[in-house]
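Novice: Quick one: structure below, then a few questions.
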């Protein structure tokens, strides 16, 4: 599986270009925040990205995210935030590692981390035998 992410890369570049022009000091504050604090932007900038890029809908960007195993709109916007933050801080984006974090997250809710489909609960399966 290739994780080239051309649609994703295009979105990240656009976000960086537009945000640096329109947001000035707010964008600088975001870039200078700790990566551990990126989640604080989920309900503000993240929601803006989900709406601006129609991450709840089917479109080339969401298809590309799904093709690499990132299926939830919240995860897509978080990936965009992380990518922008990492690029502006001269760090490697590493889509594979980001995807693995989401896989682990969703599997704790008995959902397939790559598709979002429900997975049978191992404990329930064992109790039926």
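The values are calculated or read from the model by the stated rules, or taken from the named source; none is laboratory data. Note that the coordinates shown come from a computational prediction; the quantities given were computed from them, not determined experimentally. Virtual Cβ from ideal backbone geometry, glycine too; neighbours counted across all protein chains shown.
Novice: Given 63, 71, which one is assigned to a helix (DSSP H, G or I) and in contact with a helix residue (DSSP H, G or I) (Cβ under 9 Å, 6 or more places away or on another chain)?
Specialist: 63
Novice: With part of a loop (DSSP other than H, G, I, E, B), modelled with pLDDT of 90 or more and under 16 Å from residue 12 (Cβ atoms) as the only criterion, which of 84, 93 stands out?
Specialist: The conditions single out 93.
Novice: Quick one: how many residues across region 114-129 are modelled with pLDDT under 85, out of contact with any strand residue (DSSP E or B) (no Cβ under 7 Å at 6 or more places or on another chain) and surrounded by 10 or more Cβ atoms within 10 Å (Cβ to Cβ)?
Specialist: The initial filter retains those residues of region 114-129 that are modelled with pLDDT under 85, namely 114, 119-129.
Then keep just the ones that are out of contact with any strand residue (DSSP E or B) (no Cβ under 7 Å at 6 or more places or on another chain); that gives 114, 120-129.
Filter again for surrounded by 10 or more Cβ atoms within 10 Å (Cβ to Cβ), leaving 114, 121.
Of the residues in region 114-129, 2 are modelled with pLDDT under 85, out of contact with any strand residue (DSSP E or B) (no Cβ under 7 Å at 6 or more places or on another chain) and surrounded by 10 or more Cβ atoms within 10 Å (Cβ to Cβ).
Novice: Could you run through region 34-58 and say how many residues are surrounded by 12 or more Cβ atoms within 10 Å (Cβ to Cβ), out of contact with any helix residue (DSSP H, G or I) (no Cβ under 6 Å at 6 or more places or on another chain) and without any contact (Cβ under 8 Å) to a residue 24 or more places away in the chain?
Specialist: 5
Novice: So the check is Cβ under 7 Å with 6+ separation or different chains; which pairs have a first residue in region 8-23 that's in a helix (DSSP H, G or I) and a second one that's at pLDDT below 90 and crowded, with 16+ Cβ neighbours inside 10 Å?
Specialist: Pairs found: 19/27; 20/27.
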